[in-house]
Amino acid sequence: MELFPPLTGFYEAIEDDVRISTTHISLYMALLQQWNLAGGINPVTVVRSSIMKAAKINARYTYNKCMNNLQEFGYISYQPSNSSSVASLVCLKGL
């Protein structure tokens with residue numbers, strides 16, 4: 001079976017990180033899928049509504065909190081857009 005190193009690396013990184021919840025994991029998986037669909041380009045452009053849907057997150061507050069946490073914890077670099085018509089940029093670290 002072929003391994004997917006970005007997924008394996010993330011799970012190894014969070015194994016002992018008590019700050020990471022299931023919502024963080026779900027959000028990171030949605031971001032990783034977006035990165036994968038974009039051909040592995042880093043940073044990847046993300047549209048909040050699409051990522052929220054993929055991550056099964058219903059509240060904007062939860063999305064923003066978890067995105068900011070993932071950045072604070074060093075898993076991503078997040079550059080939010082101030083406009084609903086412009087996508088945000090996310091760089092998945094360690095890829």
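In a GNM of the chain with a 10 Å cut-off on Cα contacts, which of Leu70, Leu27, Leu37 has the highest mean-square fluctuation?
Judging by the Gaussian network model, the answer is Leu37.
Based on other C-beta atoms within 10 Å, arrange Ile51, Ile41 from fewest to most.
Neighbour counts put them in this order, fewest first: Ile41, Ile51.
Treat every Asp and Glu Cβ in the chain as -1 and every Lys and Arg Cβ as +1, leave all other atoms uncharged, and give the resulting dipole magnitude about the Cα centre to the nearest 20 debye.
Taking the Cα centre of the chain as origin, the dipole is about 520 debye.
Using DSSP to define loop residues, name the chymotrypsin sites (Phe, Trp or Tyr not before Pro) in the range 1-81 whose beta-carbon has at most 15 other beta-carbon atoms within 10 Å.
Phe73
Percent relative contact order of the chain, based on C-alpha pairs within less than 8 angstrom and at least six residues apart?
Reported as a whole number, the value is 29 percent.
As a check on your grasp of the helix formula, calculate [θ] at 222 nm for the chain: sum -39500 (n - 2.57) over DSSP H runs of n ≥ 4, divide by the residue count, round to the nearest 500. Don't skip to the end; give the middle numbers.
Numbers: 4 runs with 47 residues, N = 95.
Result for the chain: -15500 deg cm²/dmol, rounded to the nearest 500.
Which FRET efficiency value, to the nearest 0.05, do you get for Ala87 and Arg60 by plugging their Cβ-Cβ distance into 1/(1 + (r/R0)^6) with R0 = 25 Å?
For Ala87 and Arg60, the calculated efficiency is 0.95.
So how far apart, in nm, are the two label points at Ser50 and Thr8 if each is 7 Å from Cα heading toward Cβ?
Output for this residue pair reads 2.9 nm.
No value in this document is a laboratory result; all are computed from the given coordinates. Quick caveat: nothing in here was measured; it's all calculated off a predicted structure. As a convention, Cβ positions derive from the backbone with ideal geometry for all residues, glycine included, and neighbour counts pool all protein chains shown.
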